[in-house]
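Each reported figure results from applying straightforward, stated rules to the coordinates on display, with no laboratory input. Not measured: the values here are computed from a predicted model. Cβ atoms come from the backbone with ideal geometry, glycine included; neighbour counts cover every protein chain shown.
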Amino acid sequence: MRVFSLLPLVFLLVFLVSCATVPPTKSSKPQIEHDGLAAQELSVGECGIFLWTLSTPPVFSFFQKQESSEAKLFLEDSQTILTTLANTQNLKDLANIDISYLTPAGKTVKLKAQFGEELTGGRRIHSGALHVQDTHGWQKIIPVSGVYVCR
């Protein structure tokens with residue numbers, strides 16, 4: 001009779017041992033989730049604008065290389081390419097930024113910001129906002145700050 005009373009305990013031990021020996025998953029690297037644009041790089045001699053939202057946590061939302069007619073915008077959980085006809089050749093010489101862009105979907109995006117203090121290799125950007133207007137006239141204003149830097 002004692003054998004039958006130990007049977008549930010034996011099954012429990014076999015079950016626990018089999019659970020403990022399950023092999024780990026294939027991915028051993030921790031997955032880092034982030035919102036915003038992926039890291040952007042400048043080549044030697046290039047300059048660009050890097051902007052983050054003023055939200056908590058900040059989100060890397062805007063990137064444009066100087067002298068380029070294209071910029072990258074993180075909007076509505078995805079990256080969008082913006083185009084502009086504005087002259088972006090001598091951004092460092094401006095007192096403020098006021099550039100209009102278009103998205104492929106026809107939205108108008110305006111970047112308005114002020115340059116701040118000089119940094120080694122660039123300038124701080126503050127009091128900025130991205131004004132995103134959709135095709136129906138609605139406008140979303142995203143406060144931003146960041147840097148204009150040269151490599």
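Provide the packing ranking of 137-143, 88-94, i.e. peptides ordered by the mean count of other C-beta atoms within 10 Å per residue, highest first. Don't skip to the end; give the middle numbers.
Values: 137-143: 12.1, 88-94: 14.1.
Peptide ranking by packing, descending: 88-94, 137-143.
Need one number: convex hull volume per residue for region 47-150, Cα atoms only, in Å³. Intermediate results must be reported in sequence, preceding the final value.
Numbers: hull volume 9.7 nm³, N = 104.
Per residue, the Cα convex hull of region 47-150 comes to 93 Å³.
I want to check the label-to-label distance for ILE81 and ARG124. Put each point 7 Å from Cα in the C-beta direction and report it in nm to one decimal.
3.4
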